[in-house]
Amino acid sequence: MCGIMGYVGPGDAAPVVVDGLRRLEYRGYDSAGIAVLSDGAIKVAKAAGKLARLEELLEIAPVSGSVGIGHTRWATHGPPNDLNAHPHTDPSGRFVVVHNGIIENFHELRTELTAAGQTFTSDTDTEILVHLVALEYDGDLADAVRKAVARARGAYALVVMTAEEPDKIVAVRKTSPMVIGIGENETFLASDIPAVLHRTRRFKLIEDGEMVIITQAGAVIETIDGDPVDRDELVVDWDPGQAERGGYDHFMLKEIHEQPNAISETLQGRLETDGDVVLDGVDLTDEFVDNLPAVWLTACGTAYHAALVGKRLLERTLAVPVMIEYAHELRYSDPRILPGSLMIAVSQSGETADTLAAARLAKQKGARLMAITNVVGSSLAREADDVLYTRAGPEIAVASTKAYLTQLIALHLLALHLGQRRGTVDLELAIQLESNLAELPTAAQRVLEMEEQVIESAQTLADNFDNGVDDVYFIGRDLDYAVATEGSLKLKEISYLHSEAMPAGELKHGTLALITEGMPVIVVLTQTHVYEKTLSALQEVKARGAHVTAVVYEDDELIAEFADVVLRIPRVADLIAPVLAIIPLQLLAYHSARILGHDIDQPRNLAKSVTVE
Ligand code: M6R
């Protein structure tokens with residue numbers, strides 16, 4: 001995810017901006033650059049690679065000025081090279097921008113501007129914006145930016161400077177986050193608070209659809225239509241550790257709360273308005289897609305649980321057999337992988353040794369390898385024929401949360417993309433899924449707001465533990481079972497409670513013997529076609545005195561009779577439900593571990609990336 005910095009003040013902007021970019025490095029990037037206003041002219045320095053390369057350039061050819069902007073870029077349109085690095089200037093060199101996000105009507109605008117005689121020096125969508133601003137400029141930068149963004153569709157945090165008005169920076173936000181830092185006689189812009197927290201503790205948050213004009217004297221916020229906005233200041237009193245964790249007590253909680261934004265990032269630029277799904281990095285021919293004999297999925301741990309959801313999605317949308325195998329099992333088996341099959345390896349890190357070995361085996365057998373991964377340039381990404389990046393941003397906590405959720409989104413996009421190309425996805429379903437996907441960031445935010453009920457359930461688990469009961473059972477059917485497997489893993493890895501997930505129909509084949517008075521049972525109940533079946537299993541555990549926590553849709557009226565704690569999620573298409581149903585279970589694991597006093601971000605015996613067998 002790109003990072004943005006801006007500064008207006010009495011000091012030299014260049015070191016302030018570079019320092020801010022360094023504090024945004026955790027977001028991941030592949031090039032960096034800055035622009036400063038100096039003696040009525042714009043000076044730009046930018047380079048592919050890490051900040052050290054930019055700093056080398058600045059040492060050879062220093063730039064300085066009291067107004068500056070900077071950017072760390074994570075490539076989307078065009079490769080990560082010097083030309084595509086931000087900032088971008090217009091042909092006159094009098095206007096300069098940095099941008100985070102994706103302009104969806106990029107091709108349309110570029111074609112129009114090219115036909116009108118404009119020339120471009122990069123492959124980026126961002127360069128379009130600076131051309132538009134320069135063309136619209138008529139003595140008022142804010143007005144020109146307003147007119148330019150009115151022509152652009154998509155998501156952006158856009159920051160603009162011009163040599164014509166050398167005392168200010170203008171920024172607009174649509175979806176991509178940005179904050180204002182208020183100092184003594186100096187003002188900052190940044191993608192997030194930790195970038196400038198060592199310089200000021202006073203902030204104003206910029207909301208979606210707002211414009212901000214910063215000068216040395218402070219910030220003026222307006223709606224994009226020009227109406228004034230009165231925003232209270234936020235005084236941030238985080239200690240250095242909290243600052244690193246964005247104010248949260250643990251990285252895991254921060255990452256859980258980052259999920260609405262992570263979903264937006266995964267979706268950005270991939271859902272077209274005409275219903276198509278465009279997947280950058282996926283290059284399958286029609287012949288391959290039409291003649292697919294089978295799809296395989298392989299992964300470990302949480303990524304395997306995402307793949308379990310993927311299996312169901314792909315089966316329903318592609319009408320081909322979809323096989324799934326743990327990577328550590330697959331690599332030592334003799335799988336009947338037919339040449340021309342698609343092997344999808346799912347791995348947050350892209351470095352898991354077993355997943356890499358299973359992926360290589362599939363390639364040897366003639367499968368085409370697709371990676372679903374979060375890490376650009378990881379081993380898996382390099383070895384794969386196609387890569388679908390999840391764009392979750394760096395995940396620090398060992399217990400995976402936002403990486404899992406974005407893997408689900410990537411699998412949804414893939415299922416829709418392939419299903420539409422094969423003509424096997426029902427149009428009505430495709431339209432419903434696409435509109436549900438687009439609404440997921442808001443729906444996920446609503447689920448995060450139910451933390452209080454989750455804490456009630458977590459307290460029961462912790463109390464049970466104090467009374468000598470340290471078992472928990474997760475049940476569900478179909479996609480609810482897939483969610484249960486991940487809920488169970490989350491709980492066991494950080495709370496150290498013994499937890500097992502099973503299809504609800506499996507209970508009476510053995511495990512029911514362990515259900516006694518007060519035993520916690522967590523049930524996921526979102527799949528309409530098996531709802532009543534799961535309810536029967538629930539009655540069986542309830543009859544034996546189990547303490548039941550249920551994850552259901554918000555309009556479920558039946559459940560109150562059967563469950564002790566009810567965790568409600570917004571109603572969506574059943575196929576989408578796993579994306580929302582897992583969130584309360586992540587919170588349940590987090591709060592159980594917190595109440596029990598465990599090391600949440602680094603649970604015992606576990607590593608973030610398992611690069612050995
Ligand atoms: O990097 P990967 O996704 O390949 O890692 C696979 C598993 O080790 C990982 O998902 C693990 O299960 C999670 N950290 C658990 O939360």
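Accessible-area rank, largest first, for 278, 235: 235, 278, with all protein chains present and a 1.4 angstrom probe. For a test of the definition: using alpha carbon positions, the gyration tensor, and the 1.5 limit on a/c, classify the range 14-143 as rounded, prolate or oblate. Since a/c reaches 1.5 but b/c is at least a/b, the shape of the range 14-143 is classed as oblate. Dimensions of the range 123-204 from C-alpha coordinates, computed as largest minus smallest value along each principal axis and given longest first, are 37, 27, 21 Å.
For the listed peptides 379-386, 595-602, 420-427, a ranking on the average number of other beta carbons within 10 Å per residue, highest first, reads 379-386, 595-602, 420-427.
Oblate is the label for the range 254-443. Its Cα gyration tensor axes, ordered a ≥ b ≥ c, give a/c of at least 1.5 and b/c at or above a/b. Measuring nothing but alpha carbons in the chain and taking Rh as the Kirkwood radius, the Rg to Rh ratio lands at 0.99.
Rounded to two decimals, the Cα radius of gyration of the range 416-507 over 2.2 N^0.38 Å is 1.47. Each Cα pair under 8 Å and six or more residues apart adds its sequence gap; the mean of these over the residue count of the chain is a relative contact order of 10 percent. Among 571, 368, the order of accessible area from largest down is 571, 368, computed with a 1.4 Å probe on protein heavy atoms. Taking the protein heavy atoms of the chain in the context of the full set of protein chains, the accessible area attributed to carbon and sulfur is 49 percent at 1.4 Å. The relative contact order of the range 254-443, computed from alpha carbon pairs under 8 Å that lie at least 6 residues apart in sequence, is 29 percent.
Centre-to-centre separation between the Cα atoms of the range 109-163 and those of the range 360-397: 34 Å.
In terms of its alpha-carbon gyration tensor, the range 508-579 comes out prolate; a/c meets the 1.5 threshold, and the first ratio a/b outweighs b/c.
Calculated on C-alpha atoms, the gyration radius of the range 281-364 divided by its Kirkwood radius gives an Rg/Rh of 0.95. Taking every alpha-carbon pair within the range 450-596, the share separated by more than 18 Å comes to 49 percent.
Probing with 1.4 Å while keeping every protein chain in the model, the per residue accessible area of the chain equals 38 Å².
Over every Cα atom in the range 3-244, the radius of gyration and the widest Cα-Cα span, Dmax, amount to 16.4, 54 Å. Note on the range 69-178: Kirkwood radius taken over Cα pairs, Stokes-Einstein applied at 10 °C and 1.306 mPa s, translational D equal to 115 µm² s⁻¹. Here the peptides 182-188, 30-36 are ranked by packing, the mean other Cβ count within 10 Å, and the order with the highest first is 30-36, 182-188.
Which FRET efficiency value, to the nearest 0.05, do you get for residue 599 and residue 119 by plugging their Cβ-Cβ distance into 1/(1 + (r/R0)^6) with R0 = 45 Å? Using R0 = 45 Å, I get an efficiency of 0.20.
The range 275-340 and the range 460-508 have Cα centres lying 27 Å from one another.
Taking every C-alpha pair closer than 8 Å and separated by at least 6 residues, the mean separation divided by the residue count of the range 282-390 gives a relative contact order of 27 percent.
The values are calculated or read from the model by the stated rules, or taken from the named source; none is laboratory data. Computed from a prediction, not measured in an experiment: that's the story for all the values here. Note that each Cβ is placed from the backbone with ideal geometry, even for glycine, and that neighbours are counted across all protein chains shown. We work out accessible area using only protein heavy atoms, side chains counted, and drop any ligands, DNA or RNA first. Shrake-Rupley method; radii C 1.70, N 1.55, O 1.52, S 1.80 Å.
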